[in-house]
Ligand SMILES: Nc1ncnc2c1ncn2[C@@H]1O[C@H](COP(=O)(O)OP(=O)(O)O)[C@@H](O)[C@H]1O
Ligand SMILES: [Mg+2]
């Protein structure tokens, strides 16, 4: 399997100015991106942002309104689904109910008349997903997790150039989902097939993908390695949708010590690293992740950090490994702080005054003109659609 | 995680079952009474009649109870060619209805869009006219000087130069009259197929042709089985089409039974023929369902 894959040179998948509209509703809006061959690529975004539509266009199940899809140098935009070396793992699994597991898995090879060693290959594939003993069962006799693995086997036995997975774990319970995430990652590494994995679960995207593209309202907001887009989000949507963020809006005052810029928020001054932005003046939006902030008794350790806010505790919840604080700033903004539970300490009480502290090197700066509330509506959205 | 006290669960696992209600059994009574009066009693009366023998030398003397098994032998001996012909006509008509009905049901179910309901109404629209009137209409449609007959004759497609009073007319009439019974179950089973399965098939390298043969058709088999049965069973006993559209040579077993009952008044023979027909249909249906239930049809 692995050998077969490396022998054929796999190709990058290019989406070029891809647009799909349903009447006046634009589902995918002039989307361009390149998905590197052999990588685990995650398309992450809230429900209705156009992920499924994008995948369906790549699979050939939906015709783009405009734009192109290329596999390497070859334009595949107008090929029929069965003419593309691309397979899909459907969210509903879509296993053929009238065929047993074996025939489901053999379906693609039989249609392509690629039946040398068919029996061997089907059994190898069933072994890869650890369900060989169920070959003669019907799909309805399998559990959700097993069906999901058969759907996967049925697709990858064809060694496609690209495997599309549309929220493949969406219907599984949390425990099984975590288990399947590891399994999927293993199979991707073993087969070397390019995986395009659609999900609205940011944790899933971050644990599995080599590259994440965050999608919003039919466009790509930001694309990059998980750590990169987490630590350096460029838009408020990414900052709020991928994890949580405390975002501030201020006016650049000018240079400050240690390669920083001084920024005035309300009537206080904060420092942001010069390297984080090309801006040297005007309005700026910057942010700090909740786990990079800490709380302390007023005026106790201000010297160790180059930024502080004296705020009022609104809420403190103890989760064991961490404490989540909600603190109100003097200008009425609510900050979220995740504090690691390193030392046994008394919880901050409601209404108590505290210092919120952070270091400027942990600050990220958003693109100019960002709206700090963008993407907040998805906070606490249920994980399963 | 133990947020719900275990005691509260126990309350819900205890079913509320105090005093079995008689209501379900009472509700069955009308149905059972109906079946008894209109099926069980006639069934046994038919059975008894089929074994009677003549009371005297004339039909007018009536019949007396007996155990004349020979009624069956004689009926079979005399009429087995008619049984064979009925079987052939009914099977041909069923096949014709399937060939015409499947594409129709397929298109209504998968391509119908917002016209779907209208098309379904059109499918059952013929039922608004009586069976007899519809069949008389076919007499006109298939008449020797009709447009259809002339056109087919012009193309030299009719071996006997006519349609009316040939087996073709009988088969066409039966197909037409029972077509809705074919289309509706087919429609129901095709409409139920998950369109995502058809997409999955295309995704897995099957073109439209193979998708139809490997996915759509096998998944619509329940509709094919019930549609063919709903057409075949009444077709087998039909006598209207044969008597209005066929010649004397095209009579089906239904015509024979009808004339034995109503004209000849040989009640034992007519009853024996009815029983043979019923048994024949039951056997055919049994073997057909057995076969359709296996994988070979898939
Ligand atoms: N067949 C369709 N007809 C009309 N609108 C559609 C259709 N499919 C998707 N849409 C719309 O396109 C947008 C994107 O949908 P989708 O790609 O399914 O989002 P996602 O998979 O990210 O949840 C949604 O607003 C949805 O309502
Ligand atoms: Mg979707």
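Does residue A:196 satisfy the condition of being crowded, with 23+ Cβ neighbours inside 10 Å, within 14 Å of chain B (Cβ to nearest Cβ), within 16 Å of ligand 1 (Cβ to nearest atom) and in contact (Cβ under 8 Å) with a residue 40 or more places away in the chain? Lay out the reasoning, then the answer.
Numbers: crowded, with 23+ Cβ neighbours inside 10 Å: yes; within 14 Å of chain B (Cβ to nearest Cβ): yes; within 16 Å of ligand 1 (Cβ to nearest atom): yes; in contact (Cβ under 8 Å) with a residue 40 or more places away in the chain: yes.
Yes: the conditions hold for residue A:196.
When you scan the stretch B:211-220, how many residues do you find that are out of contact with any helix residue (DSSP H, G or I) (no Cβ under 6 Å at 6 or more places or on another chain) and either more than 8 Å from chain A (Cβ to nearest Cβ) or closer than 20 Å to residue A:160 by Cβ (or both)? Spell out how you get there, then give the answer.
Quick first cut of the stretch B:211-220, residues out of contact with any helix residue (DSSP H, G or I) (no Cβ under 6 Å at 6 or more places or on another chain) only: B:212-214, B:216-219.
Now drop any that are not either more than 8 Å from chain A (Cβ to nearest Cβ) or closer than 20 Å to residue A:160 by Cβ (or both), which leaves B:212-214, B:216-217.
The total comes to 5.
Residue A:207: more than 16 Å from ligand 2 (Cβ to nearest atom), more than 14 Å from chain B (Cβ to nearest Cβ), more than 16 Å from residue A:365 (Cβ to Cβ) and in contact with a helix residue (DSSP H, G or I) (Cβ under 8 Å, 6 or more places away or on another chain), yes or no?
Working: more than 16 Å from ligand 2 (Cβ to nearest atom): yes; more than 14 Å from chain B (Cβ to nearest Cβ): yes; more than 16 Å from residue A:365 (Cβ to Cβ): yes; in contact with a helix residue (DSSP H, G or I) (Cβ under 8 Å, 6 or more places away or on another chain): yes.
Answer is yes for this residue.
For residue B:201, are the conditions met, namely being touching a residue at least 12 places away in the same chain (Cβ under 8 Å), buried (at least 23 other Cβ atoms within 10 Å of the Cβ), over 29 Å from the mean Cα position of the chain (by Cα) and assigned to a helix (DSSP H, G or I)? So that I can check it myself, show each step before the final result.
Values: touching a residue at least 12 places away in the same chain (Cβ under 8 Å): yes; buried (at least 23 other Cβ atoms within 10 Å of the Cβ): yes; over 29 Å from the mean Cα position of the chain (by Cα): yes; assigned to a helix (DSSP H, G or I): yes.
Against the criterion (touching a residue at least 12 places away in the same chain (Cβ under 8 Å), buried (at least 23 other Cβ atoms within 10 Å of the Cβ), over 29 Å from the mean Cα position of the chain (by Cα) and assigned to a helix (DSSP H, G or I)), residue B:201 qualifies.
Within the stretch B:221-254, work out how many residues are in contact (Cβ under 8 Å) with a residue 24 or more places away in the chain, part of a helix (DSSP H, G or I) and away from chain A (no Cβ under 14 Å). Please lay out each step first, then the result.
Applying the first criterion (in contact (Cβ under 8 Å) with a residue 24 or more places away in the chain) to the stretch B:221-254 yields B:221-238, B:240-242, B:244-247, B:250-254.
Next, only the ones that are part of a helix (DSSP H, G or I) stay: B:221-237, B:240-242, B:244-245, B:250, B:253-254.
In the following step, the residues that additionally are away from chain A (no Cβ under 14 Å) were identified as B:226-237, B:240-242, B:244-245, B:250, B:253-254.
The total comes to 20.
Could you run through the stretch A:42-65 and say how many residues are away from chain B (no Cβ under 14 Å) and within 16 Å of ligand 2 (Cβ to nearest atom)? Break it down into steps so the answer makes sense when it comes.
To start, the set of residues in the stretch A:42-65 that are away from chain B (no Cβ under 14 Å) comprises A:42-51, A:54, A:64-65.
Then drop every residue that is not within 16 Å of ligand 2 (Cβ to nearest atom), which leaves A:42-51, A:54.
Within the stretch A:42-65, residues that are away from chain B (no Cβ under 14 Å) and within 16 Å of ligand 2 (Cβ to nearest atom) number 11.
Looking at (1) more than 14 Å from ligand 1 (Cβ to nearest atom); (2) under 30 Å from residue A:117 (Cα atoms); (3) touching a residue at least 60 places away in the same chain (Cβ under 8 Å), which one does residue A:95 not meet, given that it meets all the others?
(3)
Collect the residues in the stretch B:185-198 that are crowded, with 17+ Cβ neighbours inside 10 Å and within 7 Å of chain A (Cβ to nearest Cβ), keeping them in residue-number order.
B:197
Restricting the search to the stretch A:96-116, which residues are away from chain B (no Cβ under 14 Å) and either closer than 23 Å to residue A:188 by Cβ or modelled with pLDDT of 95 or more (or both)? Before you say what the answer is, go through the steps one by one.
Narrowing the stretch A:96-116 to residues away from chain B (no Cβ under 14 Å): A:101, A:116.
Result: A:101, single match.
Could you list all residues from the stretch A:206-218 that are within 13 Å of ligand 1 (Cβ to nearest atom) and crowded, with 23+ Cβ neighbours inside 10 Å? Talk me through it step by step, then tell me what you get.
First, the residues of the stretch A:206-218 that are within 13 Å of ligand 1 (Cβ to nearest atom): A:213-218.
The answer is A:213, A:214, A:215, A:218.
Restricting to the stretch A:126-167, and then to whatever is more than 19 Å from residue A:92 (Cβ to Cβ) and touching a residue at least 40 places away in the same chain (Cβ under 8 Å), can you tell me which residue is nearest to the other protein chains (Cβ to nearest Cβ)?
Within the stretch A:126-167, the first condition is being more than 19 Å from residue A:92 (Cβ to Cβ), and the residues that meet it are A:126-128, A:130, A:132-136, A:157-162.
Narrowing the set further to residues that are touching a residue at least 40 places away in the same chain (Cβ under 8 Å) leaves A:128, A:157-162.
Values: A:128: 18, A:157: 10, A:158: 7, A:159: 12, A:160: 10, A:161: 13, A:162: 12 Å.
Taking the candidates together, the pick is A:158.
Before we move on, is residue A:181 part of a helix (DSSP H, G or I), away from ligand 1 (no atom under 16 Å from the Cβ) and touching a strand residue (DSSP E or B) at 6+ places or on another chain (Cβ under 7 Å)? Quick ask: steps written out before the conclusion?
Details: part of a helix (DSSP H, G or I): yes; away from ligand 1 (no atom under 16 Å from the Cβ): yes; touching a strand residue (DSSP E or B) at 6+ places or on another chain (Cβ under 7 Å): no.
No, not satisfied.
Would it be correct to say that residue A:169 is within 16 Å of ligand 2 (Cβ to nearest atom), at pLDDT below 95 and buried (at least 21 other Cβ atoms within 10 Å of the Cβ)? Walk me through how you get there before you give the answer.
On the way: within 16 Å of ligand 2 (Cβ to nearest atom): yes; at pLDDT below 95: yes; buried (at least 21 other Cβ atoms within 10 Å of the Cβ): yes.
Judged against the criteria, residue A:169 is a match.
Out of the strands (runs of 3 or more DSSP E) lying entirely within the stretch A:1-90, which hold 3 or more residues that are in contact with a helix residue (DSSP H, G or I) (Cβ under 7 Å, 6 or more places away or on another chain) and more than 13 Å from ligand 1 (Cβ to nearest atom)? Don't jump to the end; show me each part of the working.
Working: elements: A:13-22, A:25-35, A:40-44, A:66-71, A:86-89.
In the stretch A:1-90, A:86-89 are the strands (runs of 3 or more DSSP E) which contain 3 or more residues that are in contact with a helix residue (DSSP H, G or I) (Cβ under 7 Å, 6 or more places away or on another chain) and more than 13 Å from ligand 1 (Cβ to nearest atom).
Could you please give the count of residues in the stretch A:236-275 that are without any contact (Cβ under 8 Å) to a residue 60 or more places away in the chain, more than 21 Å from residue A:327 (Cα to Cα) and not in a strand (DSSP E or B)?
4
Quick one: is residue B:102 crowded, with 18+ Cβ neighbours inside 10 Å, modelled with pLDDT of 95 or more and more than 25 Å from residue B:198 (Cβ to Cβ)?
Working: crowded, with 18+ Cβ neighbours inside 10 Å: yes; modelled with pLDDT of 95 or more: yes; more than 25 Å from residue B:198 (Cβ to Cβ): no.
No, not satisfied.
If only one of A:278, A:227 is modelled with pLDDT of 95 or more, surrounded by fewer than 22 Cβ atoms within 10 Å (Cβ to Cβ), away from ligand 1 (no atom under 16 Å from the Cβ) and not in a strand (DSSP E or B), which one is it? Give the steps one after another, and end with the answer.
On the way: A:278 fails: modelled with pLDDT of 95 or more.
From the options A:278, A:227, the qualifying one is A:227.
The values are calculated or read from the model by the stated rules, or taken from the named source; none is laboratory data. These figures come from a predicted structure and were not determined experimentally. Quick reminder, even Gly has a Cβ in these numbers, built from the backbone with ideal geometry, and neighbours come from all protein chains shown.
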